[in-house]
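Participant: Before I ask anything, here is the structure I am working with.
Coordinate-derived values only; no laboratory data. Fair warning: this is a prediction, and the values are worked out from it, not measured in the lab. Neighbour counts are summed over all protein chains in view; Cβ atoms, including those assigned to glycine, are modelled from backbone coordinates with ideal geometry.
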Amino acid sequence: MTTARILIADDHEVVRKGIRAILEAHPGWEACGESSDGRDAVEKAQALKPDVVVIDIGMPLLNGLEATRQILKGRPNSKVLVLTMHESEQVVQQVLEAGARGYLLKSDASRDLVRAVEELLRNKTFFTSKVAQLVLDTFLRRRPRADENGASNILTPREREVVQLLAEGKSTKEVASALNLSVKTAETHRSNIMRKLDIHSVSELVLYAVRNNIVQVLPALTPTGT
């Protein structure tokens, strides 16, 4: 029996270990690696050649959507299952456009993770039950919409990487180091991004990144006992 190799990418170790335990309890499946950020997930996908990549959308350094694009560019035969806490038409649209074959809410993972991976290994798609009807009734009947700035295709993949790093608070020098660029090239990318999006400050860039799911801002936890 051929072993199915699965790469797990999530920035929370507890989540990764939980997913690994569920997957490795299935006969014939192997968790071939783990990643805690999107850039490492892309590198490990190239090195480990997984059959399936289970990846969270909200990943540091490179978000799950952009990581999915890069993974599939280098490994078109791999199947990507996106794991997220969010259910919305916009996120579903972006997940599909990135090339992922599955969309699973974290709240459904304990129940549906095995079935989702099984479907992807059969070259089928899987959508968590809460969004399956949304996909059928809404997304598939409509043409994809541009984002709020009409900029869905304006930025290059490299520029989207730069946007994420800048929005995460990295300096231009740190961006250059992370992407193996010269500082001058990183500055040029930043200038081009600002010009294309017609924005003039880092705060506006952060707002753009959040609104277009390049980075995510999670809600703060409400303190107990107050």
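Participant: Under a point spin-label approximation (7 Å from Cα along Cα-to-Cβ), what is the Glu43-Glu30 distance to one decimal in nm?
Facilitator: My value for the distance between the label points is 2.2 nm.
Participant: Which of the peptides 48-56, 33-41, 119-127 is most tightly packed, and how do the rest follow, judged by the mean count of other Cβ atoms within 10 Å per residue? Write out the running numbers ahead of the final one.
Facilitator: On the way: 48-56: 23.4, 33-41: 21.3, 119-127: 16.4.
In decreasing order of mean packing, 48-56, 33-41, 119-127 become 48-56, 33-41, 119-127.
Participant: Taking the highest mean first, how do the peptides 88-94, 63-69 order by number of other beta carbon atoms within 10 angstrom per residue? Mind dumping the intermediate values first?
Facilitator: Details: 88-94: 17.9, 63-69: 26.0.
Per-residue Cβ counts within 10 Å, averaged per peptide and sorted highest first, yield 63-69, 88-94.
Participant: Same structure again: So how compact is region 1-72: Cα radius of gyration and Dmax in angstrom?
Facilitator: For region 1-72, the Cα radius of gyration and maximum Cα-Cα distance read 11.5, 37 Å.
Participant: Return the tail of the calculated pair distribution for region 157-211, meaning the percent of Cα-Cα pairs more than 15 Å apart.
Facilitator: Details: 540 of 1485 pairs.
The share of Cα pairs beyond 15 Å in region 157-211 comes to 36 percent.
Participant: Under 5 Å between amide hydrogens, which residues at least 5 positions from Phe126 or on another chain qualify, with H placed 1.01 Å from N in the peptide plane?
Facilitator: Close amide H contacts, sequence-distant or interchain: Gly102, Tyr103.
Participant: Starting from one equal scatterer on each C-alpha and no solvent at all, send me the Debye-based log10 I(q)/I(0) for region 51-91 at q = 0.34 Å⁻¹, two decimals.
Facilitator: -1.19
Participant: May I pose another question? Tell me, what ³J(HN,Hα) does each residue in region 69-84 have, in order and in whole Hz, if you take phi through Karplus 6.51 cos²θ - 1.76 cosθ + 1.60 with θ = phi - 60° and put x for Gly and Pro?
Facilitator: 4, 6, 4, 6, 5, x, 10, x, 7, 6, 10, 10, 10, 8, 10, 8
Participant: Determine ³J(HN,Hα), in whole Hz, for all residues of region 37-44 in sequence, where each value follows from phi through the Karplus function 6.51 cos²θ - 1.76 cosθ + 1.60 and θ = phi - 60°; x replaces Gly and Pro.
Facilitator: 8, x, 5, 5, 4, 4, 5, 6
Participant: Could you compute the FRET efficiency for Leu207 and Lys184, with r as their C-beta to C-beta distance and R0 at 25 Å, rounded to 0.05? Present the calculation step by step, with values, prior to reporting the outcome.
Facilitator: Numbers: r = 27 Å, r/R0 = 1.06.
Computed FRET efficiency for Leu207 and Lys184 comes out at 0.40.
Participant: What does a probe at Ala21 reach in region 104-125, counting residues whose amide N is under 13 Å from the point 7 Å along Cα→Cβ?
Facilitator: Inside the label zone: 110.
Participant: What span do the alpha-carbon atoms of region 4-141 cover on each of the three principal axes, reported in whole Å from largest to smallest?
Facilitator: Extents along the principal axes, in whole Å: 38, 29, 27.
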